[in-house]
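What follows is calculated from the coordinates using simple rules that are stated; it is not laboratory data. Predicted, not measured: the structure shown is a model, and the values here were computed from it. All Cβ positions, even for glycine, are placed from backbone atoms using ideal geometry, and neighbour counts span all protein chains on display.
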Amino acid sequence: MEFTLIAFYLFAAVTAAAALGVVTARNMVHATLLLVLTFFSTACIWLLAQAEFLAIALVLVYVGAVMVLFLFVVMMLDIKPETARAGMRRHLPVALIVAGVMAAEMLTLLGVGRSAQPLPVADPALAKGNTYWIGKAMFTDYLYPFEIAAVILTVAIIAAIMLTLRRRPNTKHQDPSRQVMVRRDDRVRLVKVDADKSRGGQ
């Protein structure tokens, strides 16, 4: 059996085990760490299949941004510093195990690149790499659809901001410029009220 096929079965087993741990773990931090391991193992499988763009996008977007943000939010839910530090020490073994498995997977990928060929690709056009094919197709054959999609996303962002900032009749809004320009006479008014002498004498 080739080393590449062994690596594929190894990555697939780690992905399946980590995904099973995500849905069975009782601790939210452990589930988040296992989900990071699942995404990373899936990216390793895509690298074996010469889908470099998908692997890099999965690592950068999900592992590097979304899941790390989730992990920070989960870890920062407890405001007390002492409890937060104790929680970090409690989750340290799982974090070290996940980091060790990810390091082993990276070393396995290096071994695949040096000693064996990646998995065979069905389309010969992908021989130069997935990133090269996607870039060439996107900026030559599909340039106008790509630009139209970018314009549509920009319009959607502007529309979402406008819907968020629209004034509703039942909500209160602040105007910082009016707050800065306010004067004392506009906020404080001295009113002279006559004393109630009928009760004061009793």
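Express in nm, to one decimal, how much length is gained between K172 and K136 on full extension, taking 0.36 nm for each residue of separation and deducting their alpha carbon distance.
Working: separation 36, 0.36 × 36 = 12.96 nm, distance 5.10 nm.
Between K172 and K136, full extension yields 7.9 nm more.
Couplings 3J(HN,Hα) for the stretch 134-144, derived from phi with the Karplus relation 6.51 cos²θ - 1.76 cosθ + 1.60 (θ = phi - 60°), are 5, x, 5, 5, 6, 9, 10, 6, 10, 5, 5 Hz, where x marks Gly and Pro. When L54, L47 are sorted by how many other C-beta atoms sit within 10 angstrom of their C-beta, beginning with the fewest, the order is L54, L47.
What's the exposure ranking of W133, W46, going from fewest to most Cβ atoms within 10 Å?
Values: W133 16, W46 20.
By the 10 Å Cβ count, ascending: W133, W46.
Tell me, what is the FRET efficiency for M28 and V61 to the nearest 0.05, using R0 = 25 angstrom and their Cβ-Cβ distance as r? Mind dumping the intermediate values first?
Numbers: r = 21 Å, r/R0 = 0.85.
Step by step, r from the Cβ atoms, then E = 0.75.
Extension gain for K192-A16 works out to 55.5 nm (0.36 nm per residue, less the C-alpha to C-alpha distance).
Order of K172, K136 from fewest to most other C-beta atoms within 10 Å? Write out the running numbers ahead of the final one.
Numbers: K172 5, K136 13.
Listed from fewest to most nearby Cβ atoms, that is K172, K136.
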